[in-house]
1. Return yes when residue 308 is touching a helix residue (DSSP H, G or I) at 6+ places or on another chain (Cβ under 9 Å), closer than 28 Å to residue 354 by Cβ and surrounded by fewer than 23 Cβ atoms within 10 Å (Cβ to Cβ) and no when it is not.
2. Taking the criterion of being modelled with pLDDT under 80 and out of contact with any strand residue (DSSP E or B) (no Cβ under 8 Å at 6 or more places or on another chain), would at least one residue in the stretch 189-197 satisfy it?
3. Exactly one condition in (1) in contact with a helix residue (DSSP H, G or I) (Cβ under 6 Å, 6 or more places away or on another chain); (2) assigned to a loop (DSSP other than H, G, I, E, B) is not met by residue 418; state its number.
4. What single numbered condition from (1) part of a loop (DSSP other than H, G, I, E, B); (2) touching a residue at least 60 places away in the same chain (Cβ under 8 Å); (3) over 30 Å from residue 298 (Cβ atoms) fails to hold for residue 349?
5. Test residue 361 against the criterion of being modelled with pLDDT of 85 or more, surrounded by fewer than 18 Cβ atoms within 10 Å (Cβ to Cβ) and not in a strand (DSSP E or B), and give yes or no.
6. If a residue must be in contact with a helix residue (DSSP H, G or I) (Cβ under 6 Å, 6 or more places away or on another chain) and modelled with pLDDT of 70 or more, how many such residues does the stretch 72-84 contain?
7. Given (1) outside any loop (DSSP other than H, G, I, E, B); (2) free of Cβ contacts under 8 Å to residues at least 12 places away in the same chain; (3) over 30 Å from residue 95 (Cβ atoms), where does residue 311 come up short, assuming only one miss?
8. Check whether at least one residue in the stretch 399-409 is at pLDDT below 90, out of contact with any helix residue (DSSP H, G or I) (no Cβ under 7 Å at 6 or more places or on another chain) and either buried (at least 16 other Cβ atoms within 10 Å of the Cβ) or over 29 Å from residue 94 (Cα atoms) (or both), and report yes or no.
């Protein structure tokens, strides 16, 4: 779903440079884009590991077809660094029967939870929260984080979210990425990490236990709301699949990060571009009003389908800033033919989503933000836009996150207008933290009530 492990290879050097020099590179995306030097397939060598990188939709199709047979398998780390200590062995890293088993649960569970009502109810909570934060710069990434996991009951950031942020700061540490064995050293910081990880595990375990009790006692799913975890538990009972607490914990951590960071990044970039280009914001708002009317309401699934421009905005944001910039690398167990090339066994093979989505051979002026490119019916190769990968190994939460983004954007457009502060460091270009989970640097927006 969200290819975290691969950023170790792609971003480690950049993250280390930033940590040591305390400096944000001016164009992280430019660094990545230029790494291919225009080639459709190319080699890189980082820390002694040779990687074959695919940058052509036709070659990607050959590669994805191979994944249907689960060969080559995902790269497995030999050492349980902070990354694996936190994420465990869920869908993100799983191969073979384990992947197939939990994919069988996750796919229909996401479909069962595909309701705009739950997201819409959270938006009304956000409106109450925003009343105290209007007409002043607010950190939109943090606000969207709290919205996507329904933590808007307090003005203060919930304790468990601060625990999570601390854990992620260690998982994403450049030192931990380059030297994963450091997490085993008996340092004060490592003890704090394990303590925080234990507390977060307890939080996840309590949620799992509560939902399992509800399902077993046939009390329904979360007071009548069909959430992802309850649906997975019900489906596991129906299909006779054993879902032990450790495996469920690993899956829920992956889904938590997906909702907390990757969907948040997608929403934040759309909100940024709509602030930067007010004419686009007005066009998007006009479309929402034409579909929903002038007052904030929760859109239905059918109404969301009518919002063509909103969908184009989301797709263009995902094209320019895909939250997961590469797919999980695969280690070739035997030679593989990709296009006209024969790749040798034992090398890593991956695809840069970022490069594919911004390849000038397939996208005109790829650096320009232009939702129109998804409305003009101009034919492009379907695999030139792959923010969720494609084929049998595509992102299991793809439809859910697209629905969530459509509901949030449409309801915000009905309620507010927003702009960039005059002194925004992102005024000319969205700056990104050089980490493997993409985040904007100090992205603040100013929201005001819309005059109907």
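1. Details: touching a helix residue (DSSP H, G or I) at 6+ places or on another chain (Cβ under 9 Å): yes; closer than 28 Å to residue 354 by Cβ: yes; surrounded by fewer than 23 Cβ atoms within 10 Å (Cβ to Cβ): yes.
For residue 308, the condition - touching a helix residue (DSSP H, G or I) at 6+ places or on another chain (Cβ under 9 Å), closer than 28 Å to residue 354 by Cβ and surrounded by fewer than 23 Cβ atoms within 10 Å (Cβ to Cβ) - is met.
2. Within the stretch 189-197 (the criterion being modelled with pLDDT under 80 and out of contact with any strand residue (DSSP E or B) (no Cβ under 8 Å at 6 or more places or on another chain)), the answer is no, since none of the residues qualifies.
3. Unmet for residue 418, out of (1) in contact with a helix residue (DSSP H, G or I) (Cβ under 6 Å, 6 or more places away or on another chain); (2) assigned to a loop (DSSP other than H, G, I, E, B): (2).
4. (1)
5. Yes: the conditions hold for residue 361.
6. Qualifying residue count for the region: 3.
7. Failing condition for residue 311: (2).
8. No.
The values are calculated or read from the model by the stated rules, or taken from the named source; none is laboratory data. Nothing here was measured: the structure is a model prediction, and the numbers come from that model. Quick reminder, even Gly has a Cβ in these numbers, built from the backbone with ideal geometry, and neighbours come from all protein chains shown.
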